[in-house]
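Structure first, commentary second.
The values are calculated or read from the model by the stated rules, or taken from the named source; none is laboratory data. Being a predicted model, the structure only gives us computed values, none of them experimental. Cβ atoms come from the backbone with ideal geometry, glycine included; neighbour counts cover every protein chain shown.
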Amino acid sequence: MDSDNALDNASEAASSEEEKQQSAFLTLPVDVFKCITDYLDRDAAWSLKRVCRGLSRSEVVNRLLYKYPIQLSDVRDIRLSDWKYRSMGRLRWISFQQSINDSNRAFVQKLALSHWCSIDDFIWIEKNLPSLVSLDITSIKDFVWSPEQLWTWKELAEATPKLFARLDFLEVANWSDYTAHSRIEYSYSYNDYRFKPKFRISRRRDGGSVAKMIFPICTQLKSLAIRERYSGFHTWNEWEVHQRVCCLIDGISSHCPPTLSKLRVYDYAPYRSLFSTDVTTWQNLSQIEIGLYSWMEERRDRDVIGPIPYRITPGHHHRDDEEAFDDKTFDTCDRNHMELGQHVVQGVSASFEDLLLNLRTITSKYPTVNVRPIHNSLRDIVLHPFHLVNVNQRRFGHPPQQQQQVNPPDPVSSQEIQEALRWLAEKCGWKPVLAWDSMMCDVFPANLEANRTFLPKADLLSRIRTMVQTLKTLNIPIRLSIGDRTNNCPSSGLDGSLYFGDYKCFVGEDDNKREILAPTQARFNLTGIAHLVDELTIQYPVDVPGVAGWGRSSKRPTEAELELLRREARGWARFWARYALQFKNLKKLTATIPDYIYNGWGKSGNLRELLKDERWDMLQIDEKFMSDFTFFGGYLPFSNIRYGLAKKKPRMKFVQRVFFRQDTEELQLNKPSLSDQELEENEILDSAITPNEDRPPHRFWPPKALKGEKRKVEEEEGKTMPRVKRVKVE
């Protein structure tokens, strides 16, 4: 009997040990599952915990969930009323505190704190989160507009010295930018109107800034991050140069411990200021990460608008309001503020060219410092084709008869720019996506801003072609996107979601000349570069056709909306008839489109010719994946564009396909023997896009089985898939 119990106990122990070695996620070994979670974040952990059976108590998932439980996006710019009375504020913080126990307190490694946190909150962190080594306090501003939480940086340093002494990573707001701290009153001001006009108090009032009071006690600090939105400037005097440049530099060089080896700056203004001095003199600084993605993303349209002038003026006058921000070091600073200020703003404009030139300068100036973008975030940055092309005519002379047109050289022709592009591609993983939407017009460039003087169309396209060829020679893949509506395209109405609208043109001669509305011929200016394109992404927002958006009560498209889709299908037939056989280097085609349009693609002879090579494969997402859009936060799988999607299902059936090949050889396509101009301009008649019903089926568009025969065919081919129970997520 005793031997039987011993065997049972041994069997249970072996079973328990086996369960510990295997996770509930696809019965993967725990060590493999841990490797997978290294690539996941908090939100993914929460999804696994809620949806996947057996993972609600998984230690691996809990470890991921508590690693960075409260993030900057949770606490940034929270208003006082939201902090007090909504679940996103104080209630979230209290719930987090109550959830901490001995089983999970060691999992917490990083936290972001709200502007409304108290010194008691910092004390609680010091006592209850022993493994916390990273702290984000960028939401805490230097000014307070309410009689709550009036603590100062000096009081915080004296209350929790042990907490800051064990940190190896600290994120703070830019302590040198007065504007960034003073322009948030609307978010932080007290609800009572009595305090709004005159109550404001500084956290520096008894000692100094966060740099002066907090940095010296961070004795183990290895990484410092400066995060703040760029507040912009047009004119600085000498005093303002000192406040925004010198105080930033001195805050790092004078107050950070010698253990600091990595600096991370999230925006453009601190980045230029930091490199105004000799970085190599800073102790042990070996890495600098720059938020280039946000710089490019926020200034995408400015290259089309034009440069913004900046200037430096002498003097030290400033507003009385800025006295609370002044550390009284201007008079003792021995820097030449006029010269330093000019260096900071030299070449500053909304120009991608200036950014590249500056990158080239700093990488050659500081060879011992590794400069790179944050998290290699430049892979899928979306740029306008004009970013590296000068598209405007410049006129000199006042009377019209004396005006002289001067066409400036393209930035990409500069050797320095090419070296900067090579550095971006090789060191930063830069693989830009060119948004082609504004080029998709039969009357381009007449569809662009009317108040600008563009180069002739032929010159424009020639410059874009040269730019693409240059990128190709630098081994930068050419990736085009049709579907990015954030750059010079309206976001609502028909043009917000459709591509093939009618266009205005003139017919006839002299007195018989008249204006008509003609159907599009899909002359979308791709002939010059189609043979160089490596990847093409085509996608629609889920509210297509965009006539009434989500406001319609009908669950199905109306007849008028269906007619718009038919027009789109005819437009795509012309598009593929004109360009499909020119994409001889295409290696990936991603489509997120309505099912109706996708089926129309299968009738295009030229597209079928493009995809007939056996080297092509296809990835397919279930046709019902659109119901998961809300769950995945609006991201389109396999795609590089993100739409803001409403929390409703689309009224139209969508599909997603990814056609790809893994070789780099050119495709053998039967391209017509015509000139580039003929390929781009020739009219495509309706008879040329009429589908051939006798054409044999294509492997990517197989004939659809009848409803009664579908399962029978699958069973005969051994393709019957097990039924999967769908879990509804509230």
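How about the range 111-167: which of its residues are in a loop (DSSP other than H, G, I, E, B), of a type in the set (A, V, I, L, M) and either in contact with an Asp or Glu (Cβ under 6 Å, 6 or more places away or on another chain) or buried (at least 18 other Cβ atoms within 10 Å of the Cβ) (or both)? Result: Leu113, Leu129, Leu132, Val133, Ile137, Ile140, Leu167.
I'd like to verify a number: residues in the range 78-96 that are touching a residue at least 24 places away in the same chain (Cβ under 8 Å) and exposed (fewer than 13 other Cβ atoms within 10 Å of the Cβ), how many? Here the count works out to 1. Looking only at residues in the range 46-77 that are of a type in the set (Val, Ile, Thr) and part of a helix (DSSP H, G or I), the one that is surrounded by the fewest Cβ atoms within 10 Å (Cβ to Cβ) is Val51. Residues that are modelled with pLDDT under 65 and on the phi > 0 side of the Ramachandran plot within the range 292-347 comprise Gly306, Gly347, listed in sequence order.
Only residues that are within 32 Å of the chain's Cα centre (by Cα), modelled with pLDDT of 50 or more and surrounded by fewer than 18 Cβ atoms within 10 Å (Cβ to Cβ) were counted across the range 185-211, and they come to 2. For the residues Asp77, Asp102, Asp120, the requirement of being of a type in the set (D, E, K, R), touching a His at 6+ places or on another chain (Cβ under 9 Å) and assigned by TED's automatic domain parsing to the domain that holds Pro161 singles out Asp77.
Of Ile140, Ile119, Ile70, all but one fail to be under 23 Å from Ala157 (Cβ atoms) and touching a Cys at 6+ places or on another chain (Cβ under 8 Å); the exception is Ile140. Reported count of residues in the range 563-592, each being surrounded by 14 or more Cβ atoms within 10 Å (Cβ to Cβ) and either assigned to a helix (DSSP H, G or I) or not assigned by TED's automatic domain parsing to the domain that holds Thr664 (or both), is 18.
Does Thr664 satisfy being at pLDDT 80 or above, hydroxyl-bearing (Ser, Thr, Tyr), in the same structural domain as Gln521 (by TED's automatic domain parsing) and within 38 Å of the chain's Cα centre (by Cα)? Criteria met by Thr664. Taking every residue in the range 453-471 that is touching a residue at least 12 places away in the same chain (Cβ under 8 Å) and under 18 Å from Ile417 (Cβ atoms) and pairing it with any residue that is among the small types (Gly, Ala, Ser) and not in a helix (DSSP H, G or I), at least 6 positions away or on another chain, the pairs with Cβ-Cβ distances below 7 Å are Arg465/Gly528.
Would you say Glu515 is of a type outside the set (S, T, N, Q), at negative phi and in a helix (DSSP H, G or I)? No; evaluated as a whole, the condition is false for this residue. Every condition in (1) at pLDDT below 75; (2) crowded, with 16+ Cβ neighbours inside 10 Å holds for Gln22 except the one numbered (2).
So for the range 459-478 (the condition being at pLDDT below 90, outside any strand (DSSP E or B) and within 27 Å of Leu685 (Cα to Cα)), does at least one residue qualify? Within the range 459-478, not a single residue is at pLDDT below 90, outside any strand (DSSP E or B) and within 27 Å of Leu685 (Cα to Cα). Among the conditions (1) under 25 Å from Glu228 (Cα atoms); (2) in a loop (DSSP other than H, G, I, E, B); (3) not aromatic (Phe, Trp, Tyr), Ser81 misses just one, which is (2).
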